[in-house]
Amino acid sequence: MGEPSEPSLESSPGARPDPDLTLAHLDRLPALSSAAVRLLAMAAEPRASVADAVEILRADQSLTAKVLSVANSAWGRLPGPVDTLEQTIPHLGFAGLRSIALTASVFDCLPIRPAGDDATFDPPEFWKHSLAVGCAARALAEALRPMSVDPQEVFVAGVLHDLGKVALSAVFPKTYQRIAAEANRACGDIADFERELLGTDHTVAGRRLAERWQLPRLLRDVIWLHHLAGDALPASVANRQLLALVLLADTLARERRIGYSGNHVFYEHSPRLAERLGLSEGQLSETATRLNQEVAELTKELGLEHKANGGVHSLGLSRTDAEQGRLNTELTLANERLAAGARYFRALGQFDRLLGAWSDLPKAVAAIAAVAGIVLQRPAVAAFGLRERAPAVDVCWIDARQNTTSVAFADLPAEVRDWLNSPDDVIDSLVTRAPTAIRTLMAPGLHEISGTGTWLIPIVYQARLAGGIVYGSETDERARLAGEAEELRSFTASLGLALCRANAQAAARRLADDLAETNRNLQQAQAELLRSRTLSMIAEMAAGAGHELNSPLTVISGRAQMLAAQLNDPEARRCLETIRSKAHECSRVVSELMDFARPRPPTLAPVNVPELLAELRQVWLTRWKLSGAKLLLSIDQRGPCAAASPSSALNIQADREQLRVLFDELVSNAQHAIRDSEGAIQIVCQPAAGAAGVEVIVRDDGCGMSPRVLQRAFDPFFSHRAAGRGRGLGLPRAYRIVESHRGHIWLESQPGEGTTAHVFLPAAPPA
């Protein structure tokens with residue numbers, strides 16, 4: 001009878017292999033022996049006894065023989081030879097018994113014979129490697145202090161971790177030989193070729209078979225996830241340390257080239273993995289020394305031994321394998337160092353692109369958080385930077401979904417300020433556990449970055465803390481990053497320089513802003529001084545001119561009145577009346593000039609501004625009855641003062657008559673600016689913002705002012721109206737009144753969009 005044909009994986013010509021179909025073919029493999037199944041079930045039975053185990057094993061003579069054979073080998077570590085199960089089980093324990101029985105039963109279900117002289121994937125060599133992983137994992141588990149996992153459970157987990165490979169090889173022998181050959185030729189990961197040719201890989205296939213055999217959940221997780229460790233493991237995985245032990249044992253066996261696993265990719269070298277578990281290089285070396293002997297004895301006892309090819313050849317092959325393993329380890333370390341250097345170089349390049357030529361501190365901190373994830377190979381990272389003007393701190397964190405959040409902290413807790421003032425404990429550190437102060441600072445985003453431990457990488461510039469990188473990890477990061485110390489220090493030095501440059505640029509911007517503000521204030525003060533001097537000069541001139549003009553005008557008016565009384569000619573009397581009227585008008589102009597030149601000091605008394613405006617409103621409406629202009633008066637009482645006491649909030653100490661003149665001038669100016677009789681004037685009276693006093697706003701929708709006119713609006717005798725239609729004293733007079741009350745007045749205007757006058761009057765002008 002010929003061999004059974006290999007099942008087809010093609011659902012249609014040219015289609016990729018169907019993974020469900022591949023996994024379904026695994027059901028063709030035989031089930032575990034009933035004895036093995038019953039022994040596994042005993043693990044959940046607290047009342048199980050030695051007699052129960054003996055009864056189960058005696059039903060399977062083949063399995064009994066293998067148990068006794070393995071127990072008497074070096075692996076069993078018995079005090080002396082035994083020949084009965086009753087003697088063996090107490091020494092091995094139920095866990096050891098299950099380990100041997102399960103291993104032997106799996107060997108009975110899956111191929112253990114050579115596939116041929118030229119076969120790339122050879123079951124005996126594969127099982128030899130698997131036994132090496134199991135033995136190494138058990139030895140390493142025993143070396144852990146404290147011992148947190150059962151060494152026997154670790155042994156069987158190591159033996160069965162690659163169960164899926166031999167299972168796929170058993171069902172698809174020709175295809176899997178091709179997979180192994182291509183992986184060997186490319187020196188690549190065999191799982192990549194499995195997925196290409198079978199639609200799935202050995203981890204998934206192994207889990208499927210383990211579920212069918214009803215293996216414990218712990219073994220199923222190891223078979224499925226043995227290539228992962230640390231943060232890459234799903235949160236639901238319970239015993240992460242056992243998985244880490246299996247990964248280390250697999251790496252150690254492959255570095256020593258014990259058997260053949262079919263894989264050429266080293267995910268990480270064994271010393272670094274051992275360091276993460278808290279194992280020393282001495283413990284690792286001791287395990288490797290005993291490994292060859294233990295595997296050789298187990299291989300013999302379980303029927304996996306190859307026919308010898310001669311002592312000299314075996315010795316030469318062993319030495320060659322050992323040397324190749326050593327060279328492979330060195331090459332792996334060199335590649336890791338080069339990869340680390342490339343990672344840091346790539347991160348610095350991206351950092352420079354993110355910053356550009358000019359940056360502020362928040363931008364620099366965000367860039368640090370972005371590139372720190374590349375260097376540390378962490379999806380969630382936080383960074384902080386100290387501002388020159390402490391105690392301000394800028395923080396940015398990036399979560400696992402690459403969402404970025406930036407926060408600035410100006411009001412820091414006392415413990416954070418104290419730590420920032422004396423962070424000497426971390427200045428010289430490459431990486432350290434994050435102090436409580438930093439965890440407090442990072443509290444808003446700590447859940448996004450934290451693992452079982454929170455770590456801090458200080459960013460130092462010129463022996464001072466400039467910032468830091470914070471991230472979560474369950475491993476000892478000091479050990480992990482020790483091999484990258486040179487690269488990491490250069491990297492953080494560049495980051496420190498960038499933070500200091502950002503602070504320097506911020507200081508330069510603040511200085512420029514302060515200088516610009518000082519210049520603006522100086523220009524304003526100069527303009528005010530010039531205006532004040534101009535007003536004083538004009539006032540003196542006006543006072544002198546008024547004094548000189550007043551007497552002649554009085555004479556002219558008096559003589560014209562006398563002549564008119566003496567003459568009977570009506571025409572002559574009309575002429576004299578015109579002369580008298582114009583002289584009177586000139587006298588009124590002179591009086592205005594005298595009042596402007598030498599205004600009387602205000603007589604202060606309580607004034608309710610809204611009531612005064614209401615009185616004036618009636619006057620203005622009467623004056624403009626025929627013009628048709630609209631006048632709107634609204635009192636906006638926003639603000640805490642007005643809300644508490646609307647009446648008192650709008651009361652000030654002022655000269656009531658001067659305020660009448662002030663508001664009248666502003667409203668008259670607004671009325672003259674309205675070209676259309678349908679225009680509107682709005683007056684708003686409200687409590688002043690940020691100061692005790694009243695703000696009055698007069699707004700019109702008239703013609704507005706050009707920038708040139710607006711600049712000169714308060715200059716005496718300046719008017720943009722036609723000649724003879726204004727003396728240019730209205731707004732200057734308003735300015736003098738506001739100034740005498742220690743207030744402020746300013747205008748806002750755009751051509752065609754009207755003008756708004758703002759007046760601030762303090763509640764009580766200083767003496």
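Backbone phi angles across region 394-407, fed through the Karplus curve with coefficients 6.51, -1.76 and 1.60 (θ = phi - 60°), yield HN-Hα couplings of 9, 10, 9, 10, 10, 7, 5, 8, 6, 7, 10, 10, 10, 9 Hz in residue order; Gly and Pro are listed as x.
Electrostatic tally near Ala437: other residues with Cβ closer than 14 Å to its Cβ, Lys and Arg +1, Asp and Glu -1, net -1. Relative to the Cα centre, the charge distribution of region 359-503, modelled as +1 at Lys and Arg Cβ and -1 at Asp and Glu Cβ, gives a dipole magnitude of about 260 debye. Taking every C-alpha pair closer than 8 Å and separated by at least 6 residues, the mean separation divided by the residue count of region 418-520 gives a relative contact order of 24 percent.
So if each residue of separation counts as 0.36 nm, and I subtract the Cα-Cα distance between Asn521 and Arg217, what length gain in nm does that give? Could the numbers behind the result be given before it?
Numbers: separation 304, 0.36 × 304 = 109.44 nm, distance 7.76 nm.
Here the segment from Asn521 to Arg217 would lengthen by 101.7 nm.
Phi-derived couplings, Karplus 6.51 cos²θ - 1.76 cosθ + 1.60 at θ = phi - 60°, listed residue by residue for region 420-429: 5, 6, 8, x, 4, 6, 10, 4, 8, 8 Hz, with x used for Gly and Pro.
Across region 493-515, the residues whose backbone nitrogen lies under 15 Å from the label position 7 Å along the beta-carbon direction of Ile374 are 494-495. Spin-label pair Val619-Ala463: with each label point 7 Å from Cα along the Cα-Cβ axis, the two points sit 7.6 nm from one another.
Using Cβ contacts closer than 10 Å as the measure, can you line up Asp476, Asp201, Asp513 from fewest to most?
Asp513, Asp476, Asp201
As a rough footprinting exposure proxy, the listed residues Ile368, Ile398 were ranked by other beta carbons within 10 Å of their own, and the order from fewest upward is Ile398, Ile368.
Would you tally the net charge around Asp60, using a Cβ to Cβ cut-off of less than 12 Å, leaving Asp60 out, and scoring K and R as +1, D and E as -1?
My count for the surroundings of Asp60 gives +1.
Karplus-derived 3J(HN,Hα) values for region 218-227, using 6.51 cos²θ - 1.76 cosθ + 1.60 with θ = phi - 60°, are 4, 5, 4, 5, 5, 4, 7, 10, 5, 8 Hz; glycine and proline are entered as x.
So, R0 is 22 Å and r is the distance between the beta-carbons of Arg600 and Leu529; what FRET efficiency does that work out to, to 0.05? Efficiency at R0 = 22 Å is approximately 0.40.
Residue separation times 0.36 nm, minus the C-alpha to C-alpha distance between Ser49 and Cys187: what's the value?
Working: separation 138, 0.36 × 138 = 49.68 nm, distance 4.94 nm.
My answer for the length gained is 44.7 nm.
Fully extending the segment from Glu486 to Phe409 would add 24.5 nm, taking 0.36 nm per residue of separation and subtracting the current Cα-Cα distance.
Residues Leu218, Leu761, Leu245 in ascending order of nearby Cβ atoms (within 10 Å, fewest first): Leu218, Leu761, Leu245. How would region 359-503 be classified by its alpha-carbon gyration tensor: rounded, prolate or oblate, with rounded meaning a/c under 1.5 and the a/b versus b/c comparison settling the rest? Rounded, because the longest to shortest axis ratio a/c is under 1.5.
Once the Cβ-Cβ distance between Ala512 and Gln653 is put in as r, and R0 is 41 Å, what FRET efficiency do you end up with, to the nearest 0.05?
Values: r = 42 Å, r/R0 = 1.01.
Calculated value: 0.50.
Between the amide H of Gly453 and those of Ser473, Glu474, distances stay under 5 Å, these residues lying 5 or more places away or on another chain, with hydrogens modeled in the peptide plane.
Just so you know, all these numbers are worked out from the coordinates, no wet-lab data involved. Note that the structure is a prediction, hence the values are computed from the model and not measured. Positions of Cβ are backbone-derived with ideal geometry, glycine not excepted, and every protein chain shown enters the neighbour counts.
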